[in-house]
Structure formats: C-alpha cells, structure tokens
Amino acid sequence: ESTNYTVNAIPDQTYTGTAIEPAVIVKNGDTVLKEGYTVTYSNNTNVGTAKATVTLGTDSTEVEFQITKDTKTAIEMADVSVTYGAAYTMTATAKTSAGNAITNGTIIIKYYTDENCTAGETDTAPTNVGTYYAKAVLTETNNYAGASKVAKITISNADFSVSAQGYDGVYD
C-alpha cells in the first residue's frame, strides 16, 4: 500500500496578541488523518511569516502561513462622574479583535473641554466643576491598527447638608 501524505495550506491568520496555532489538515490520499502526527509552531505570534512543522514518523514538512495586521482593535474607557474634590483616574484598555488584551501597547490619554476633542487639550485630568472629555489613543504598530475612545467626565458641585438641632426648653 503506497502512502501519499499531504498537508493542506493554512489560510492567513489575523494577529491576536497571543501565539497562533491554526489547525493543520494532514491527509493520506483522500483520507484525513486524525492522529499519528505532531505539529510544532514557530514565529507564530507577530505579523509576518509563521511556520507549522508537521512530523509523521521520521518525516517532517514545514507549512508557512501569514499572520496579518489586526485592523479592528478597540479601546475601552468608562465615563466618570464625581463630585468636586473627589479623586478619579481615567483608565483605558486596548484589545485585539480576538478580544485579547494589548498589554505592551502605548495608550495616551488627553483631556478636552468639548466632545469633538478639539478644544482645551491638556495632559492633566480636570479638577474643576464642569463637563470634560477624555480621549484615549492606542498607537498603531506593525501588529495592530491604532484606535481611540472618548469618555465623558462630569465633575459636579459637592452637596452640602446642614442639620440644626432644635432647642426644647422653657424660656425664662
């Protein structure tokens, strides 16, 4: 019985921020093998050419596949509403389209006085009473596209409450 082992090409994969190990289809003629081989991957995290090495017995072959740039990254940053004098921090997180956190990315947050983020730009979070906007920008890399997110900051007057205790007694 002759054996004619083949390994199917691997389609392009999108950058996820983690090692990518796409399924490999190994066939003997027209029969898909479920076992009897091992697959190891190399250079399979960042954008570029990655390799899957399929080993069957003493034979092995390499199949290259491309990892492409993630063009659908996202930033999450929540709106903040505080009273005057309260401390707060704007925190932004970036994720790949696969939902994995981008932990080594650069996110810059700037603050503005208008919703379009064109007026009153500053690097410092506002502390005065008013409505402001924070814009977080993820810097583009070879692996993923840049992204941005705007969140609203509302700083309101502190509420003062005065309680007076009544006097109950006899006037003399």
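Entry remark, the range 107-147: residues being surrounded by 14 or more Cβ atoms within 10 Å (Cβ to Cβ), within 17 Å of VAL80 (Cβ to Cβ) and not aromatic (Phe, Trp, Tyr) number 12 in total. If the condition is being modelled with pLDDT of 95 or more and part of a loop (DSSP other than H, G, I, E, B), then the range 130-172 contributes THR139, GLU140, THR141, ASN142, ASN143, ALA145, GLY146.
Give me the residue from the range 1-36 that is part of a strand (DSSP E or B) and under 21 Å from LYS72 (Cβ atoms) and, out of that set, least open to solvent (accessible area, probe 1.4 Å).
The residue in question is GLN13.
The set of residues in the range 86-106 being open to solvent by 70 Å² or more (accessible area, probe 1.4 Å) and small (Gly, Ala, Ser) consists of ALA87 alone.
Taking the options THR93, THR118, THR73, THR58, name whichever one is at pLDDT below 95 and of a type in the set (S, T, N, Q). Break it down stepwise before answering.
Details: THR93 fails: at pLDDT below 95; THR118 fails: at pLDDT below 95; THR73 fails: at pLDDT below 95.
Going through THR93, THR118, THR73, THR58 in turn, just one is at pLDDT below 95 and of a type in the set (S, T, N, Q): THR58.
Among the strands (runs of 3 or more DSSP E) confined to the range 37-83, the ones with at least 3 residues that are open to solvent by 80 Å² or more (accessible area, probe 1.4 Å) and charged (D, E, K, R) are located at 59-68.
Which of the residues belonging to the range 1-22 are in contact with a strand residue (DSSP E or B) (Cβ under 9 Å, 6 or more places away or on another chain) and small (Gly, Ala, Ser)? Please lay out each step first, then the result.
Going residue by residue through the range 1-22, those that are in contact with a strand residue (DSSP E or B) (Cβ under 9 Å, 6 or more places away or on another chain) are 3-17, 19-22.
If the condition is that a residue be in contact with a strand residue (DSSP E or B) (Cβ under 9 Å, 6 or more places away or on another chain) and small (Gly, Ala, Ser), then ALA9, GLY17, ALA19 are the ones that fit.
The values are calculated or read from the model by the stated rules, or taken from the named source; none is laboratory data. Computed from a prediction, not measured in an experiment: that's the story for all the values here. When we count neighbours, we look across all protein chains shown, and the Cβ atoms used for this are built from the backbone with ideal geometry, even at glycine. Note: accessible area is taken over every heavy atom of the protein model, side chains too, but ligands, DNA and RNA are not part of it. Shrake-Rupley method; radii C 1.70, N 1.55, O 1.52, S 1.80 Å.
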